[in-house]
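Peer 1: For reference, the structure I am asking about is given below.
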Amino acid sequence: MATPSPAQLRELALTEEEYQHAVRQLGRVPNQLELGMLGALWSEHCSYKTSRRLLSQLSSKGPQVVVGPGENAGVVDLGDGLLCCFKIESHNHPSAIEPVQGAATGVGGILRDVFAMGARPVALLDALRFGDLTDAAQRHRFAKVVEGVGHYGNCIGVPTVGGETYFDPAYQGNCLVNAMCVGLVTAPRLLHAVARGVGNPVLLVGADTGRDGIHGATFASVQLDEGAEERRPAVQVGNPFLEKCLMEACLELAGSSALVGLQDCGAAGLTSSCAEMARRGGVGIRLDLDQVARRELGMTPYEVMLSESQERMVLVVERGRVEEVRAVFDRWELRSDVVGEVIAAEELQISSSGEMVARLPLPVLVDGFLPRHPASSRPADVVRDLSAPPVTAGVPWTLEEAWLRLLASPNCADASWIYRQYDHQVGDDTVVLPGRDAAVVRLRGRRDGLAITVDGAHRSSLLDPRRGAQLAVAEAVRNLTCLGARPLALTNCLNFGDPDREEVMWQLEEAVAGLAEACRQLALPVVSGNVSLYNDLSGASIPPTPVVGVVGVVDDVHGIPGPGFVAAGDLIYLVGGEGAGLGGSELQRLLGGRVLGPPPELDLELEGRASEAVRQLVTERVARSAHDCSLGGLAVALAECCVEGSLGAVVRLADPPTPPDRGLGLLFGEGSGRYLLSVEPGSGGRMEEVCSAGQVPCFRVGEVGGELVEIVGLAQIPLAAAAEARLKGIAGAMEGPVL
Amino acid sequence: MTLKPVVNDPQGLAVTQGLHALGYPEVLGTRVGKHIQLTLTARDRQGAESRVEEMCRRLLCNGVIEDFHFQVAEVGA
Amino acid sequence: MTWRCGIAVFPGTWSERDCAHWVELAGGEPVMLWHAERQLKGADLVILPGGFAHGDYLRTGAIARFAPLMDAVRDHALAGGPVLGICNGFQILCEAQLLPGALLRNSCLQFRCQSTHLRVEATRGPFLAGLEAGRILEMPISHGEGRYYAPPEQLLELEAHGQVALRYCGPAGELGDEYNPNGSLQHIAGVMNREGNVLGMMPHPERACEPLLGSEDGLHLLRAALALVGAS
């Protein structure tokens, strides 16, 4: 074959250098199919060629870790032979093209990652980013993504128990859709995505293979243009019903000695699933494409190998036991075909119509990519912006107005508009429902349960991506702590722009370093993750958006306190450090200005100590309510505690407000590491004792009661007004037309 | 297949509102239905029609809420 | 002795395990009934659980009603045996014409998962016999197509024969559109057949079977039925 033109290589996302690198390693010129397979597996999505070097900073070490990154999902030990399997993944680009199906297939993909390990999915969560809801197109996109997430989870019968949604004009062009799935499996049933045993058959099960999802523009499509055949859309349509059957069949087989390995067919389809399974097992796979069931006539080997049709899984089965495995799929009315076998040579061999059409050594295909080290540099204006005052004089609102506006901001407000569209209870195990700091799913036959949260960096990441990533981890830990949960492990999804822009590469480096530091400090192993780069539109990158999902354990799922105040006369305590920082805050966003000023304060050591103390207070049930301060600061957190408990509060803050910010920082600053707890009047002593033993600052700031949410000398709002503002935040914004 | 006229069709109402918002005030009403394309063999048109009618009554359509009509066309052997 | 509760499982059913948990808590013995089977394995009572049987792609319940198992369910129902359809099960019972009416897309055009209050309207039949009229139950709903519809004349008949079993209401039993989550006619959340042995309801009693899950009200329905089965 002639050397491909630069345009043809671009279609495959390969550079000239990478092409030459392939030729050198193979000792020959690859054919078109082989080049397509190399292009797919050497893409950032499959190879992590840009981010891998950075990701090695993240530690997956910990006594609880059973499986770290590199498999379909991470696995931690819950004791008594029960394992928890989880991962978060992005589906940003597909959701931008077709929000319902993009979001739905994102959920479908992450579910397959979890049940591919033999684990029954027990919870889904989502982390979403959109532009401002004042824009009709953004409302449309938001509504459709929520519909898509709900559609898949609701149909398949896995509860969507929590999530996080953030609206900012910076996501106008690129919405972010990250989905996390948590599953449970007993140790003997844990599966691995590995091919072993020469001569063992390879099965493809589930949906037929179609032309959907093949890289929008591929080498074959260059030919298609020449051949004047219709170019197919790349949008994948999910079939949750089929996946439900697929899931039940796979879970039925988990634990059977007939099954050697199982992997889902995700990005780069058959190519990546077969290559990765064989590579892990140190073997090869020979595939006969004539055996692959197709949805359309006339598909080329290229299209079959790179199809990303949803709801397919690849199995390696013990020789001689194919029929008993196929019987399970038959019962679920699912197609299953033997499409190949395990071979000793570490190669992927593809045949079609009796001819070998591709033959690639796996060390080259899977690990032969060229690591990329794009240049990075901190943009000059970031340095300038960091030292600017975060909120300049001339805030047009009174403190009361600002407070109510913050409560009604879709970023702080009640999210029930979203989660009432998600079945969050199927399974009968969701004991803390969405809308709280974290969700809790009980473990059957045990006293303990899983607490789960997803959190992402906000605007301050633009100024300091390192701090931003740390703030995200800290917030996730606080959210679990409020329920008395002990964090076990973390999964992450790194959403960034084009790494070939120096500023984006700098953001990525900083964020990963920050993530690594925070996880080390808070003893959180990173067990799985995903990187989504190139979130750009017309040269504008999204803000750096690391999203973390953390799973923790609550020792007793009974009587977990909520954020809402419980009884008039209870004492309110503020636990934690300073928090006046307004750089990158929600208040700043509402004021419509640029992201300016130093990001919120964060002391990871104090964060860890505060978490210990609060967890103890919640676990001892000394705390009757617990809530952390995040977006909108202390004032918003206080109002939330009041609204949730339908009780007012009177709070006195020691520091007198100083001009020019008139107390804005005190009320709405977003410094990390702070909690609001309420205790019975007689428990104040225990409260102070635990905090002092843990060397955690703790201030008795007020009392529960009345019809007002009052911060003495600064601002007061009626409880009813706070409740209304919170309720209307998202629902009110969504009343406008969506077309 | 469309919902019977007596059955409320919120999807149709939403489409009407959307079209109005996009500047089509002349739209007086919308009924959203379903379209199913069947390819089948039959001895003749009459035979096909009676079979399709039966399929509609037994499975494709719910007589409590939906009306249906169909057309048969030949697509060649 | 414990009473056998058959739980139908179609491809796409997802609350069969929740129902089994509920049955156990109520003191019954759950038995899974696969859709392709033709008999009820000695079940005294049959539950058609929630889910998306066969994907609900054509219409909810439209394909499931033709399952071999449904012949056995029909025989059981016609012989007076207790049958309860929950959510998708209710949709299947309507499609199978074991219950009158149909369930349409929610009038808000969105899926709804939330807690609802239900007012007990009828106190006959195996599931409601133990409850007093006007009693308020709390249970979650979780559906996209739960808007109950029956032609006007049929609706009148339903009311006349006391076949409306449950209505959505406020916490004190008051009726109003603000308490009707899906636009159901007459706020109907559940209906029964003329005889009262077949009940269909959109809310999920199996999700309201423990204080930890927010409500135990779902246990009443099953305990009443099991007591009745035991007495007969």
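The values are calculated or read from the model by the stated rules, or taken from the named source; none is laboratory data. Quick caveat, the model's predicted, so the values are computed rather than measured. Here the Cβ positions follow ideal geometry from the backbone for every residue, glycine too, while neighbour counts run over all protein chains shown. In case anyone asks, the SASA skips ligands and DNA or RNA and just uses the protein heavy atoms, side chains included. Shrake-Rupley method; radii C 1.70, N 1.55, O 1.52, S 1.80 Å.
Peer 1: Where in region A:394-488 are the strands (runs of 3 or more DSSP E), entirely inside, with at least 2 residues that are under 30 Å from A:LEU58 (Cβ atoms), among the basic types (Lys, Arg) and touching a helix residue (DSSP H, G or I) at 6+ places or on another chain (Cβ under 8 Å)?
Peer 2: Filter on region A:394-488 gives an empty set.
Peer 1: Among the residues of region A:37-63, which ones are open to solvent by 10 Å² or more (accessible area, probe 1.4 Å) and in a loop (DSSP other than H, G, I, E, B)?
Peer 2: Residues satisfying the conditions are A:SER43, A:TYR48, A:LYS49, A:SER56, A:GLN57, A:LEU58, A:SER59, A:SER60, A:LYS61, A:GLY62, A:PRO63.
Peer 1: Just to confirm my filter: which helices (runs of 4 or more DSSP H) fall fully inside region A:226-315 and include at least 3 residues that are open to solvent by 10 Å² or more (accessible area, probe 1.4 Å) and away from every other protein chain (no Cβ under 14 Å)?
Peer 2: A:269-281, A:301-306
Peer 1: Only residues that are within 20 Å of A:LEU54 (Cβ to Cβ) and of a type outside the set (Ser, Thr, Tyr): list them for region A:367-384, please.
Peer 2: The answer is A:ASP367, A:PHE369, A:LEU370, A:PRO371, A:ARG372, A:HIS373, A:PRO374, A:ALA375, A:ARG378, A:PRO379, A:VAL382.
Peer 1: Report, ordered by the first and then the second residue, all pairs with beta carbons closer than 6 Å, sequence separation of six or more or different chains, a first member in region A:72-85 that is acidic (Asp, Glu), and a second member that is in a loop (DSSP other than H, G, I, E, B).
Peer 2: A:ASP77/A:GLN64
Peer 1: Next up: Any residue at all in region A:420-436 that's more than 14 Å from chain C (Cβ to nearest Cβ) and open to solvent by 10 Å² or more (accessible area, probe 1.4 Å)?
Peer 2: Looking for residues that are more than 14 Å from chain C (Cβ to nearest Cβ) and open to solvent by 10 Å² or more (accessible area, probe 1.4 Å), one finds none in region A:420-436, hence no.
Peer 1: Restricting the search to region C:105-120, which residues are within 14 Å of chain B (Cβ to nearest Cβ) and either open to solvent by less than 10 Å² (accessible area, probe 1.4 Å) or touching a helix residue (DSSP H, G or I) at 6+ places or on another chain (Cβ under 6 Å) (or both)?
Peer 2: Once the filter is applied, which keeps residues that are within 14 Å of chain B (Cβ to nearest Cβ) and either open to solvent by less than 10 Å² (accessible area, probe 1.4 Å) or touching a helix residue (DSSP H, G or I) at 6+ places or on another chain (Cβ under 6 Å) (or both), region C:105-120 yields C:ASN106, C:SER107, C:LEU109, C:PHE111.
Peer 1: Please go through region C:38-87 and give me each residue that is in contact with a Pro (Cβ under 7 Å, 6 or more places away or on another chain), within 14 Å of chain A (Cβ to nearest Cβ) and either without any contact (Cβ under 8 Å) to a residue 40 or more places away in the chain or more than 20 Å from C:GLU206 (Cβ to Cβ) (or both), ordered by number.
Peer 2: The answer is C:HIS54, and nothing else.
Peer 1: Another question, if that's okay. Evaluate the following for A:ARG486: is it over 16 Å from the mean Cα position of the chain (by Cα) and within 20 Å of A:LEU634 (Cβ to Cβ)?
Peer 2: No: the conditions fail for A:ARG486.
Peer 1: Could you count how many residues in region A:489-503 are assigned to a loop (DSSP other than H, G, I, E, B) and closer than 15 Å to A:ALA457 by Cα?
Peer 2: Number of matching residues: 2.
Peer 1: For C:THR123, indicate whether it is of a type in the set (Ser, Thr, Tyr), more than 9 Å from every other protein chain (Cβ to nearest Cβ) and closer than 30 Å to A:GLY153 by Cα.
Peer 2: no
Peer 1: Still on this structure, please answer the following. Write out, first by first residue and then by second, each pair whose Cβ atoms fall under 7 Å of each other, whose residues are 6+ apart or on separate chains, and whose first residue, in region A:714-725, is at pLDDT below 95 while the second is open to solvent by 40 Å² or more (accessible area, probe 1.4 Å) and not acidic (Asp, Glu).
Peer 2: Correct list of pairs: A:LEU714/A:PRO657.
Peer 1: Output the residues belonging to region A:110-137 that are in a helix (DSSP H, G or I) and at pLDDT 95 or above.
Peer 2: A:ILE110, A:LEU111, A:ARG112, A:ASP113, A:VAL114, A:PHE115
Peer 1: Away from chain B (no Cβ under 14 Å), in a helix (DSSP H, G or I), open to solvent by 30 Å² or more (accessible area, probe 1.4 Å) and under 30 Å from A:LEU133 (Cβ atoms): does that describe A:ALA731?
Peer 2: yes
Peer 1: Can you tell me how many residues within region B:2-29 are out of contact with any Leu (no Cβ under 9 Å at 6 or more places or on another chain), open to solvent by less than 80 Å² (accessible area, probe 1.4 Å), in a loop (DSSP other than H, G, I, E, B) and free of Cβ contacts under 8 Å to residues at least 40 places away in the same chain?
Peer 2: 1
Peer 1: Inside region A:103-155, can you point out the residues that are of a type in the set (D, E, K, R) and either open to solvent by less than 10 Å² (accessible area, probe 1.4 Å) or more than 13 Å from chain C (Cβ to nearest Cβ) (or both)?
Peer 2: A:ARG112, A:ASP113, A:ASP126, A:ARG129, A:ASP132, A:ASP135, A:ARG139, A:ARG141
Peer 1: Among the numbered conditions (1) open to solvent by 40 Å² or more (accessible area, probe 1.4 Å); (2) β-branched (Val, Ile, Thr); (3) in contact with a helix residue (DSSP H, G or I) (Cβ under 9 Å, 6 or more places away or on another chain), tell me where A:VAL651 comes up short.
Peer 2: Answer for A:VAL651: the failing condition is (1).
Peer 1: Output yes when any residue across region A:161-179 is more than 19 Å from the chain's Cα centre (by Cα), within 19 Å of A:SER416 (Cα to Cα) and in a helix (DSSP H, G or I), and no when none is.
Peer 2: No: region A:161-179 contains no residue that is more than 19 Å from the chain's Cα centre (by Cα), within 19 Å of A:SER416 (Cα to Cα) and in a helix (DSSP H, G or I).
Peer 1: Starting from region A:407-433, keep only residues that are more than 26 Å from C:HIS21 (Cβ to Cβ), then list their pairs with residues that are of a type in the set (Lys, Arg) and open to solvent by 30 Å² or more (accessible area, probe 1.4 Å) whose Cβ atoms are within a distance under 7 Å, requiring at least 6 positions of separation or different chains.
Peer 2: From region A:407-433, the pairs are A:ALA408/A:LYS728.
Peer 1: Another one. Of all residues in region C:132-150 being in contact (Cβ under 8 Å) with a residue 24 or more places away in the chain and either more than 16 Å from the chain's Cα centre (by Cα) or open to solvent by 40 Å² or more (accessible area, probe 1.4 Å) (or both), which is farthest from the other protein chains (Cβ to nearest Cβ)?
Peer 2: C:GLY134
Peer 1: If you check A:VAL548, A:VAL531, which single one turns out to be within 14 Å of the chain's Cα centre (by Cα) and surrounded by fewer than 24 Cβ atoms within 10 Å (Cβ to Cβ)?
Peer 2: A:VAL531
Peer 1: Please pick out the residue among B:VAL32, B:VAL75 that is away from chain C (no Cβ under 14 Å) and either touching a Leu at 6+ places or on another chain (Cβ under 6 Å) or without any contact (Cβ under 8 Å) to a residue 60 or more places away in the chain (or both).
Peer 2: Going through B:VAL32, B:VAL75 in turn, the sole match is B:VAL75.
Peer 1: Anything in region A:11-36 that is assigned to a helix (DSSP H, G or I) and either among the aromatic types (Phe, Trp, Tyr) or surrounded by 15 or more Cβ atoms within 10 Å (Cβ to Cβ) (or both)? List them, or say none.
Peer 2: If the condition is that a residue be assigned to a helix (DSSP H, G or I) and either among the aromatic types (Phe, Trp, Tyr) or surrounded by 15 or more Cβ atoms within 10 Å (Cβ to Cβ) (or both), then A:GLU11, A:GLU18, A:TYR19, A:HIS21, A:ALA22, A:GLN25, A:LEU26, A:GLN32, A:LEU33, A:GLU34, A:LEU35, A:GLY36 are the ones that fit.
Peer 1: Can you tell me which residue within region C:188-214, out of those that are more than 18 Å from C:ASN88 (Cβ to Cβ) and within 11 Å of another protein chain (Cβ to nearest Cβ), is surrounded by the most Cβ atoms within 10 Å (Cβ to Cβ)?
Peer 2: Among them, the one singled out is C:CYS209.
Peer 1: Next up: Can you tell me which residue among A:GLU612, A:GLU620, A:GLU680 is surrounded by fewer than 21 Cβ atoms within 10 Å (Cβ to Cβ), modelled with pLDDT of 95 or more, under 29 Å from the mean Cα position of the chain (by Cα) and not basic (Lys, Arg)?
Peer 2: From the options A:GLU612, A:GLU620, A:GLU680, the qualifying one is A:GLU612.
Peer 1: Among the candidates A:GLY569, A:GLY549, A:GLY514, which residue alone is in contact (Cβ under 8 Å) with a residue 24 or more places away in the chain and part of a loop (DSSP other than H, G, I, E, B)?
Peer 2: A:GLY569
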